[in-house]
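The values are calculated or read from the model by the stated rules, or taken from the named source; none is laboratory data. Keep in mind it's a predicted model, so treat the numbers as computed, not measured. Note: ideal-geometry Cβ built from the backbone for every residue, glycine included; neighbour counts use all protein chains shown. We work out accessible area using only protein heavy atoms, side chains counted, and drop any ligands, DNA or RNA first. Shrake-Rupley method; radii C 1.70, N 1.55, O 1.52, S 1.80 Å.
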Amino acid sequence: MKTKFSKETYLYWYELMLLMRRFEEKAGQLYGMQKIRGFCHLYIGQEAVAAGAITATKPEDKFITAYRDHALAIAKGMSARECMAELYGKATGCSKGKGGSMHFFSVEHGFFGGHGIVGAQIGTGAGLAFAEKYKGTDNVALCFFGDGAARQGMLHETFNMAMTWKLPVIFICENNKYAMGTSVERTSNVLDIYKLADAYEMPADSIDGMSCEAVHEAIERAVKRAREAGGPTLLEINTYRYKGHSMSDPAKYRTKEEVEEYKEKDPISHVLHTILENKWATDAEIEAINERVKAEVEDCVQFAEESPWPSDDELLKDVYTQEDYPFIVD
């Protein structure tokens, strides 16, 4: 079975996607136990998008996304420990326990959220790209958003400016078909979201988001164009979430048959099949990966459980850059 990508890449994809999947499954379980509060949106089913994106970019490139952010944060290099601790609201979390599920953040790893306002990250993503161009780097910004956010006016304003200034940004619409719970067919006359780029003469493409290979190749092309001052690209990456929009969503707007149809295209199973077909790993080696991922998830939960809560004096910190900002606290 010939492949364009190496054994090492497939093994990396498998372990990374399995970690994302197991982390999210554990987060869902802990949410049901009320260990995690507030909103919680799981990435289960969409792992190939994050995996393909990370192998097509370099560590210095910037990522920004919406509230379904756990898996992308892990792909970008943030530890399962700091991510789980953030879900718990603990001081050791990546946002000091102040952000929770929707607001993962790490300057160190070039991950800029985690945004709860639908579509707001689209403008900020272009701003990240503007900063890289202004500083004269060849870094790019990947700006992820969902099909629901594609209806926001922010998208059109940003597309216009990004093309005018030829910003090094790749706009990635993770089209999982239902936004919060309403299908694309019921919300737009334009069903092929990538065609929105035509109004701005922006390069665009529609990609199979259940394939790490297809995602990597598409993002690699877009990144190359951006690094060579060719400006932005819109990629509509067609994917699917196996769970509801959030933990409170029973997902009754779609059939069980449809969900099972997409599970047949599961990206983790596809990558594992490729590995086994090429005899790149034995059953024992795959089991070792599975156990390593299981241990990492168990460790991050224990870390979150044992971590301290934020202290009271953290309440007004990290709001303004001015450390002695005169808050009115009466």
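A few points about this structure:
- Residue in the stretch 79-92 that is of a type outside the set (V, I, T) and closer than 30 Å to L191 by Cα present: no
- Residue within the stretch 201-213 that is in contact (Cβ under 8 Å) with a residue 12 or more places away in the chain, among the small types (G, A, S), more than 20 Å from K62 (Cα to Cα) and surrounded by fewer than 17 Cβ atoms within 10 Å (Cβ to Cβ) present: no
- Of all residues in the stretch 227-248, one or more are in a helix (DSSP H, G or I) and either open to solvent by 20 Å² or more (accessible area, probe 1.4 Å) or out of contact with any His (no Cβ under 8 Å at 6 or more places or on another chain) (or both).
- In the stretch 268-316, residue surrounded by the fewest Cβ atoms within 10 Å (Cβ to Cβ) [restricted to those that are among the hydroxyl-bearing types (S, T, Y) and farther than 22 Å from Y14 by Cβ]: S311
- Residue count for the stretch 141-191, restricted to those that are open to solvent by less than 10 Å² (accessible area, probe 1.4 Å) and assigned to a strand (DSSP E or B): 11.
- Answer residue from the stretch 176-201, given it is aliphatic (A, V, I, L, M) and more than 23 Å from the chain's Cα centre (by Cα) and is farthest from E220 (Cα to Cα) among those: V190
- Looking only at the stretch 16-38, and only at residues there that are open to solvent by 50 Å² or more (accessible area, probe 1.4 Å) and either in contact with a helix residue (DSSP H, G or I) (Cβ under 6 Å, 6 or more places away or on another chain) or in a helix (DSSP H, G or I) (or both), the one that is nearest to T55 (Cα to Cα): R22
- Close pairs from the stretch 315-330: first of a type in the set (F, W, Y), partner open to solvent by 100 Å² or more (accessible area, probe 1.4 Å), Cβ under 9 Å, at least 6 apart: F327/Y320
- Answer residue from the stretch 108-140, given it is assigned to a helix (DSSP H, G or I) and without any contact (Cβ under 8 Å) to a residue 24 or more places away in the chain and is nearest to L234 (Cα to Cα) among those: G127
- The requirement of being open to solvent by less than 10 Å² (accessible area, probe 1.4 Å), part of a strand (DSSP E or B), closer than 20 Å to T124 by Cα and in contact with a Gly (Cβ under 8 Å, 6 or more places away or on another chain) is fulfilled somewhere in the stretch 63-80, by at least one residue.
- Being open to solvent by less than 30 Å² (accessible area, probe 1.4 Å) and of a type in the set (A, V, I, L, M, F, W, C) is a description that does not apply to L196.
- The selection criterion, being open to solvent by 40 Å² or more (accessible area, probe 1.4 Å) and among the acidic types (D, E), holds for E60.
Conditions (1) out of contact with any Leu (no Cβ under 8 Å at 6 or more places or on another chain); (2) in a helix (DSSP H, G or I); (3) at pLDDT below 95, marked per residue:
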{"position": "E285", "(1), (2), (3)": "yes, yes, no"}
{"position": "I289", "(1), (2), (3)": "no, yes, no"}
{"position": "V297", "(1), (2), (3)": "no, yes, no"}
{"position": "Q302", "(1), (2), (3)": "yes, yes, no"}
{"position": "L316", "(1), (2), (3)": "yes, no, yes"}
{"position": "V319", "(1), (2), (3)": "yes, no, yes"}
{"position": "E323", "(1), (2), (3)": "yes, no, yes"}
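- Positions within the stretch 72-91 being without any contact (Cβ under 8 Å) to a residue 60 or more places away in the chain and within 20 Å of E217 (Cα to Cα), in sequence order: A75, K76
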